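Student: Starting off with a structure, shown below.
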Amino acid sequence: MIEAIVLDWAGTTVDYGSRAPIIAFQKAFAQFDIELTEDTIRQDVGLDKMTHVRKILQTPEIANSWETKHPTVPLAKAAEEIYAQFQVEINRVLAETAQLKPGMTELIKFAKAHHIQLATTTGYTQAMLDRILPLASKQGYAPLYNITSEQTNLIGRPKPDMVELAMKKMGISDPSHVIKVGDTVNDILEGKSAGTISIGVVDGGNLIGLSQQEVAHLSIEQRDRYHARATAILKEAGADEIINNIADLIPLIESIDDQQHEMPLLLTPGPLTTSFTVKETMLVDHGTWDDDYKELTQWVRRELVTVGHASEDDYTAVLMQGSGSFGVEAAIGTAVPKENATLLIAANGAYGERMIEIADYLAIPHVDLKVDEDQTVTLDAVEKALAAHPEVTHFAMVHCETTTGILNPIESIIPVLADKGIITLVDAMSSFGGVPIDLTQFKVDYLITSSNKCVQGVPGFSIVLAKKNTLSTTEGNARSLALDLYAQYRTFEDHDGKWRFTSPTHVVYAFAEALRELEQEGGVTARTHRYQTNETLLREGMQNLGYELVIDKTVQSPIITSFKFPTTDFNFRAFYEYLKDRGFIIYPGKVSKCDSFRIGNIGEVSADDISRLLNLIKTYTEEELKIPVSR
């Protein structure tokens with residue numbers, strides 16, 4: 001829920017058209033016989049004023065003009081003198097331009113009624129603010145905190161320091177619960193760098209730069225052109241939303257709060273919480289024969305190979321309608337020939353067991369290597385099974401077994417088997433995109449994942465990353481028409497990205513957006529770091545609350561963490577409903593040897609989200625379970 005709004009002053013909340021800084025800069029420079037255009041000033045409005053003076057003086061035309069007219073005064077000294085004059089000029093005009101902009105009164109009333117704190121950041125100095133604050137207060141506008149760069153060691157926009165200080169003073173740790181509002185590019189950059197929701201204001205702002213009277217005399221066409229230009233500039237800067245009037249913030253906040261209230265965080269291993277932009281992508285309908293859609297499918301396939309650190313010369317991505325299990329069954333049913341082949345399956349959890357069940361259904365000869373759920377599959381155990389069963393031609397295992405959250409060491413097992421000529425299949429359902437995997441280095445033949453896991457898309461299709469040379473030998477192997485991996489591959493290749501049967505178009509577009517967001521985050525390495533941070537915070541926090549781990553932390557993946565019930569009479573359903581009612585959905589346990597539950601660390605989830613969850617669990621543990629905790 002939105003807890004605070006951090007607002008700019010000139011052009012956003014007061015001073016329609018952001019006229020005061022323009023007038024003051026022009027008069028200050030004019031005192032030294034330097035003429036400034038509005039465009040020159042406006043391109044850096046929002047910076048602290050000394051920085052702004054220096055940037056203007058760095059403009060080649062202005063610098064040359066100064067050196068011509070004042071050859072004995074260096075630019076550094078010039079900045080000091082002009083800034084001193086600016087302070088004189090701005091004090092003369094601040095009182096004249098301190099009128100609240102239209103819509104501010106409504107926003108102030110709304111914020112008060114909804115217990116939303118108001119704060120400001122500004123390029124003005126404290127002395128300048130002291131001129132404005134009493135005048136704003138008389139009009140009913142008295143923000144709790146007003147931050148200038150003098151309070152942040154002279155670090156102003158576009159750095160996040162002023163917003164972060166405002167949040168600290170308001171006692172807010174999660175920037176996603178804060179809206180930063182401004183009318184300049186530097187306002188947007190400040191909000192984005194602080195991690196807040198950044199909103200750009202158009203009407204009466206710096207990018208239009210006209211007074212109310214001047215705007216009133218514009219034709220509708222002229223007004224639309226001004227609006228379009230300002231909107232484009234703010235969007236280019238990264239604004240999450242653009243509003244015209246400041247009062248338009250009210251329905252926007254209501255919409256954000258509704259979304260956050262209606263969409264709890266899924267702390268599960270998939271489906272998982274996705275970004276708003278991934279969800280938004282699915283609002284448009286698409287045709288399966290459309291050339292743009294087929295081109296997008298091909299881009300997704302190529303991008304997946306790149307995420308797997310492989311070359312398109314060696315690997316391909318085959319998309320398969322349905323859940324991850326569809327992909328696992330398609331891979332097993334296509335990879336293993338109908339004759340003279342035996343599959344060795346290593347299982348230390350429910351998803352290894354599912355591969356055994358698939359082999360049974362498909363009547364594929366198989367040998368089962370069963371390992372305790374709280375232990376990893378080891379190369380030594382696999383080699384012993386191979387020695388006892390020389391008939392084995394294929395091998396399958398799970399990378400991240402989300403029964404417990406254990407991470408099996410495929411990097412030490414798969415290359416050894418590949419060197420022995422054994423075809424390998426890895427269920428990397430819950431790890432691909434969230435844990436670095438190098439297909440080429442691991443020499444894996446088939447790696448299976450799905451759209452709704454660590455790439456952070458939504459459910460709808462599975463993915464098989466296959467070695468081309470291996471896949472090309474499997475024509476005719478499949479035991480199923482719909483799950484024929486080879487036929488699906490050939491259709492993609494021979495028909496420019498066309499799926500064999502009706503495809504999940506909306507899901508593909510959402511997944512493409514998720515792939516772009518994975519790259520924007522910094523790739524798999526950055527995402528792994530975020531997931532690992534979440535997992536460490538969760539694991540250590542739960543242990544501090546007295547909850548015991550199911551598996552040793554040395555084999556723990558960053559994907560999902562399992563915890564034992566804290567008491568013998570622990571009511572998981574009551575615990576689940578308590579968290580769900582407060583915005584978090586977790587998973588029941590799958591471990592057979594003990595009662596447990598699981599909490600996922602993946603998806604659009606931050607460390608602040610995990611901290612909020614831990615605070616809820618602390619309260620539940622103390623108040624409902626009556627168990628004292630150490631923190």
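Student: Which of the residues belonging to segment 595-631 are assigned to a loop (DSSP other than H, G, I, E, B) and touching a Phe, Trp or Tyr at 6+ places or on another chain (Cβ under 8 Å)? Give the derivation first.
Tutor: Pass one, segment 595-631, residues assigned to a loop (DSSP other than H, G, I, E, B): 595, 601-606, 624-631.
The answer is Asp595, Asn601, Ile602, Glu624, Leu625.
Student: Then there's this: Is it true that some residue in segment 88-99 is aliphatic (A, V, I, L, M) and modelled with pLDDT of 90 or more?
Tutor: Restricting attention to segment 88-99, the residues satisfying the condition of being aliphatic (A, V, I, L, M) are 88, 90, 93-95, 98.
Next, from what is left, pick out any that are modelled with pLDDT of 90 or more: none.
Within segment 88-99, not a single residue is aliphatic (A, V, I, L, M) and modelled with pLDDT of 90 or more.
Student: Go through the residues of segment 496-512 one by one and say whether even a single one is among the aliphatic types (A, V, I, L, M), buried (at least 21 other Cβ atoms within 10 Å of the Cβ) and in a loop (DSSP other than H, G, I, E, B).
Tutor: Scanning segment 496-512, I find no residue that is among the aliphatic types (A, V, I, L, M), buried (at least 21 other Cβ atoms within 10 Å of the Cβ) and in a loop (DSSP other than H, G, I, E, B), so the answer is no.
Student: Let me ask you something else. Does Glu535 satisfy the criteria of being out of contact with any Leu (no Cβ under 9 Å at 6 or more places or on another chain) and under 22 Å from Thr619 (Cα atoms)?
Tutor: Details: out of contact with any Leu (no Cβ under 9 Å at 6 or more places or on another chain): yes; under 22 Å from Thr619 (Cα atoms): yes.
The answer is yes for Glu535.
Student: Every residue in segment 218-240 that is within 17 Å of Thr12 (Cα to Cα) and among the hydroxyl-bearing types (Ser, Thr, Tyr), please.
Tutor: The answer is Tyr226, Thr231.
Student: Does segment 383-404 contain at least one residue that is acidic (Asp, Glu), surrounded by 23 or more Cβ atoms within 10 Å (Cβ to Cβ) and in contact (Cβ under 8 Å) with a residue 40 or more places away in the chain? Working first, answer last.
Tutor: Narrowing segment 383-404 to residues acidic (Asp, Glu): 383, 391, 401.
Narrowing further to those that are surrounded by 23 or more Cβ atoms within 10 Å (Cβ to Cβ): 401.
Restricting the remaining residues to those that are in contact (Cβ under 8 Å) with a residue 40 or more places away in the chain gives 401.
Looking for residues that are acidic (Asp, Glu), surrounded by 23 or more Cβ atoms within 10 Å (Cβ to Cβ) and in contact (Cβ under 8 Å) with a residue 40 or more places away in the chain, one finds at least one in segment 383-404, hence yes.
Student: Next question. Identify, by number, the condition in (1) under 21 Å from Gly209 (Cα atoms); (2) free of Cβ contacts under 8 Å to residues at least 12 places away in the same chain that Glu67 doesn't meet.
Tutor: Against the list (1) under 21 Å from Gly209 (Cα atoms); (2) free of Cβ contacts under 8 Å to residues at least 12 places away in the same chain, Glu67 comes up short only on (1).
Student: Here's a check for you: in segment 27-46, which residue that is crowded, with 18+ Cβ neighbours inside 10 Å and within 14 Å of Ile90 (Cβ to Cβ) is modelled with the lowest pLDDT?
Tutor: Val45
The rows are residues; the columns are (1) out of contact with any Lys or Arg (no Cβ under 9 Å at 6 or more places or on another chain); (2) in contact (Cβ under 8 Å) with a residue 60 or more places away in the chain; (3) crowded, with 17+ Cβ neighbours inside 10 Å.
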{"position": "Gly204", "(1), (2), (3)": "no, yes, yes"}
{"position": "Ile246", "(1), (2), (3)": "no, yes, yes"}
{"position": "Gln298", "(1), (2), (3)": "yes, yes, no"}
{"position": "Leu304", "(1), (2), (3)": "yes, yes, yes"}
{"position": "Ser311", "(1), (2), (3)": "yes, yes, no"}
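Student: Only one of these conditions is not met by Ala95: (1) surrounded by fewer than 17 Cβ atoms within 10 Å (Cβ to Cβ); (2) outside any helix (DSSP H, G or I). Which number is it?
Tutor: Only one criterion is unmet by Ala95, namely (2).
Student: Just to verify a result, which residue in segment 518-562, among those that are more than 25 Å from Asn348 (Cβ to Cβ) and polar (S, T, N, Q), is surrounded by the most Cβ atoms within 10 Å (Cβ to Cβ)?
Tutor: Per the criteria, the residue is Thr533.
Student: Residues of segment 459-481 being assigned to a loop (DSSP other than H, G, I, E, B) and in contact with a strand residue (DSSP E or B) (Cβ under 8 Å, 6 or more places away or on another chain), which ones? Walk me through how you get there before you give the answer.
Tutor: Start the filter on segment 459-481 by keeping residues that are assigned to a loop (DSSP other than H, G, I, E, B), which leaves 459-460, 472-481.
Pro459, Gly460, listed by residue number.
Conditions (1) in contact (Cβ under 8 Å) with a residue 24 or more places away in the chain; (2) of a type in the set (Phe, Trp, Tyr); (3) in contact with a Ser or Thr (Cβ under 6 Å, 6 or more places away or on another chain); (4) more than 30 Å from Phe276 (Cα to Cα), marked per residue:
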position	(1), (2), (3), (4)
Asp419	yes, no, no, yes
Asp427	yes, no, no, no
Ser431	yes, no, no, no
Tyr446	yes, yes, no, yes
Val455	yes, no, no, no
Val464	yes, no, no, no
Thr474	yes, no, yes, yes
Asn477	yes, no, yes, yes
Gly497	yes, no, yes, no
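Student: On to the next question. Among what's in segment 216-230 and is closer than 19 Å to Asp39 by Cα and either part of a loop (DSSP other than H, G, I, E, B) or in contact (Cβ under 8 Å) with a residue 12 or more places away in the chain (or both), pick the residue that is farthest from the chain's Cα centre (by Cα). Quick ask: steps written out before the conclusion?
Tutor: In the first step, residues of segment 216-230 are kept if they are closer than 19 Å to Asp39 by Cα; the result is 222-223, 225-230.
The next check asks that each one be either part of a loop (DSSP other than H, G, I, E, B) or in contact (Cβ under 8 Å) with a residue 12 or more places away in the chain (or both); those that pass are 226-227, 229-230.
On the way: Tyr226: 32, His227: 29, Arg229: 28, Ala230: 26 Å.
The residue in question is Tyr226.
Student: Sticking with this one: For Gly324, all conditions in the list (1) more than 26 Å from the chain's Cα centre (by Cα); (2) of a type in the set (Gly, Ala, Ser); (3) within 19 Å of Ile437 (Cα to Cα) hold save one; what is the number of the exception?
Tutor: (1)
For every residue, the table says whether it meets (1) within 23 Å of Leu47 (Cβ to Cβ); (2) within 24 Å of the chain's Cα centre (by Cα); (3) touching a residue at least 24 places away in the same chain (Cβ under 8 Å).
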position	(1), (2), (3)
Glu190	yes, yes, yes
Gly209	yes, no, yes
Leu234	yes, yes, yes
Ser255	no, yes, no
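Student: May I pose another question? Residue by residue through segment 98-142, note down the ones that are surrounded by fewer than 16 Cβ atoms within 10 Å (Cβ to Cβ), over 34 Å from the mean Cα position of the chain (by Cα) and charged (D, E, K, R).
Tutor: Asp130, Lys138
Student: Would you check which residues across segment 409-436 are among the polar types (S, T, N, Q) and either under 23 Å from Leu518 (Cβ atoms) or surrounded by fewer than 22 Cβ atoms within 10 Å (Cβ to Cβ) (or both) and list them?
Tutor: Looking only at segment 409-436, we keep the residues that are among the polar types (S, T, N, Q), and these are 412, 424, 430-431.
Residues satisfying the conditions are Ser412, Ser430, Ser431.
Student: Take the residues in segment 535-574 that are assigned to a strand (DSSP E or B) and among the polar types (S, T, N, Q); name whichever of them is nearest to Ala607 (Cα to Cα). Quick ask: steps written out before the conclusion?
Tutor: Taking segment 535-574 and keeping what is assigned to a strand (DSSP E or B), we get 549, 556, 560-564.
Among the residues that remain, those that are also among the polar types (S, T, N, Q) are: 556, 561-562.
Numbers: Gln556: 18, Thr561: 15, Ser562: 18 Å.
The selected residue is Thr561.
Student: Restricting to segment 3-18, and then to whatever is more than 30 Å from the chain's Cα centre (by Cα) and outside any loop (DSSP other than H, G, I, E, B), can you tell me which residue is surrounded by the most Cβ atoms within 10 Å (Cβ to Cβ)?
Tutor: Ala10
Student: Please tell me if Thr277 is within 22 Å of Ser606 (Cα to Cα), outside any helix (DSSP H, G or I), within 21 Å of the chain's Cα centre (by Cα) and among the β-branched types (Val, Ile, Thr).
Tutor: So Thr277 fails the test.
Student: Does segment 594-602 contain any residue that is within 16 Å of Thr561 (Cα to Cα) and basic (Lys, Arg)?
Tutor: Initial filter on segment 594-602 (within 16 Å of Thr561 (Cα to Cα)): 594-602.
The next check asks that each one be basic (Lys, Arg); those that pass are 598.
Yes, segment 594-602 has at least one match.
Student: Quick one: count up the residues across segment 24-64 that are closer than 21 Å to Ile233 by Cβ and either assigned to a strand (DSSP E or B) or aromatic (Phe, Trp, Tyr) (or both).
Tutor: Number satisfying all stated conditions: 3.
The values are calculated or read from the model by the stated rules, or taken from the named source; none is laboratory data. In this text the structure is predicted, and so the values were computed from the model without any measurement. Quick reminder, even Gly has a Cβ in these numbers, built from the backbone with ideal geometry, and neighbours come from all protein chains shown.
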